[in-house]
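**Student:** Okay, here's the structure, questions in a sec.
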Amino acid sequence: MCQKCQDLVDELLPDISKEDLGRFLWSATAFPMAGCDILQKQIREMVERSGGDVDKAIALAHEDMDREFEAYKKREAAGEFDED
């Protein structure tokens with residue numbers, strides 16, 4: 001993680017443990033694939049949505065992923081991805 005992102009985490013989640021930081025980044029953001037700007041946006045969004053509660057942020061991220069997967073499955077069942 002870049003220093004700018006680390007500084008943002010330190011600012012918004014000052015008491016986060018290294019273990020929780022890893023769980024948060026891997027579950028609630030596009031880390032390690034995204035660039036700094038995207039990560040900062042995602043970190044801010046998840047902290048805001050969760051009220052700064054790391055476990056809640058992770059749970060929200062899992063809910064988001066489940067919802068997107070269900071939407072994908074519906075689109076797949078409707079044949080949206082069929083190659084003709």
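**Student:** Which residues, taken from the range 42-52, are without any contact (Cβ under 8 Å) to a residue 12 or more places away in the chain and surrounded by fewer than 14 Cβ atoms within 10 Å (Cβ to Cβ)?
**Tutor:** GLU48, GLY51
**Student:** With PHE69, PHE31, PHE81 as the choices, which residue is of a type in the set (Phe, Trp, Tyr), out of contact with any His (no Cβ under 7 Å at 6 or more places or on another chain) and buried (at least 17 other Cβ atoms within 10 Å of the Cβ)?
**Tutor:** Numbers: PHE69 fails: buried (at least 17 other Cβ atoms within 10 Å of the Cβ); PHE81 fails: buried (at least 17 other Cβ atoms within 10 Å of the Cβ).
It is PHE31.
**Student:** Moving on. Any residue at all in the range 14-30 that is among the basic types (Lys, Arg), touching a residue at least 24 places away in the same chain (Cβ under 8 Å) and part of a helix (DSSP H, G or I)?
**Tutor:** yes
**Student:** Being β-branched (Val, Ile, Thr) and more than 19 Å from ILE16 (Cα to Cα) is the filter here; which residues of the range 29-84 pass it?
**Tutor:** ILE38
**Student:** When you check ILE38 against the structure, is it modelled with pLDDT of 90 or more, in a helix (DSSP H, G or I) and of a type outside the set (Phe, Trp, Tyr), yes or no? So that I can check it myself, show each step before the final result.
**Tutor:** Working: modelled with pLDDT of 90 or more: yes; in a helix (DSSP H, G or I): yes; of a type outside the set (Phe, Trp, Tyr): yes.
Answer is yes for this residue.
The values are calculated or read from the model by the stated rules, or taken from the named source; none is laboratory data. Quantities reported herein were computed from a predicted structural model and do not represent experimental measurements. A quick note on method: Cβ atoms are made from the backbone with ideal geometry, for glycine too, and the neighbour counts reach across all protein chains shown.
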